[in-house]
Amino acid sequence: MLLIHCPYCEEARPEIEFRHAGEAHIARPADIASLTDEEFSRFFFYRDNPKGITFERWRHLHGCARFFNAARDTVTDKFLVTYPAGEAKPDLVEAANENAKGAT
Ligand SMILES: [Zn+2]
């Protein structure tokens, strides 16, 4: 069973409690009405689909119901770190070191 750590509840819960909510850190244009159709479609429809580490929004739907962000490896399906929505992308090297400390 895949466990996902909710940064608000501060515990790992089964993945069935969560819902994927798309790519994280998508910046909304300041003046969306001034965009061309091509610029708008790029903002609204185009998303990264990397093989490797990706940053995603998740929602703890059957828990606290709050949105948060996660760094996940799409190859291994492992969550590297989760963090509250609105925070900057974490330093993944530092996060890996923190996880290694917690595992010992
Ligand atoms: Zn939660």
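The values are calculated or read from the model by the stated rules, or taken from the named source; none is laboratory data. As the structure is a computational prediction, the values presented were derived from the model and not from experiment. Here Cβ is always computed from backbone atoms with ideal geometry, including for glycine, and neighbour counts include all displayed protein chains. With ligands, DNA and RNA removed, areas are computed over all heavy atoms of the protein, side chains included. Shrake-Rupley method; radii C 1.70, N 1.55, O 1.52, S 1.80 Å.
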Ranked by how many other beta carbons lie within 10 Å on average, peptides 42-50, 16-24, 68-76 from highest: 68-76, 16-24, 42-50
Surface per residue (accessible, 1.4 Å probe) for the chain, Å²: 71 Å²
Estimated translational D of segment 1-41 in µm²/s (Stokes, Kirkwood radius over Cα pairs; 20 °C; 1.002 mPa s): 160 µm²/s
Disulfide-incompatible cysteines by the Cβ rule (no partner under 4.7 Å) in the chain: 64
Carbon and sulfur %, accessible surface of segment 3-103 computed with the full protein complex present, 1.4 Å: 50 percent
Choice from 40, 67, 79 with maximal GNM fluctuation in the chain (Cα, 10 Å cutoff): 40
Two-decimal ratio, the chain, of alpha-carbon radius of gyration to 2.2 N^0.38 Å: 1.21
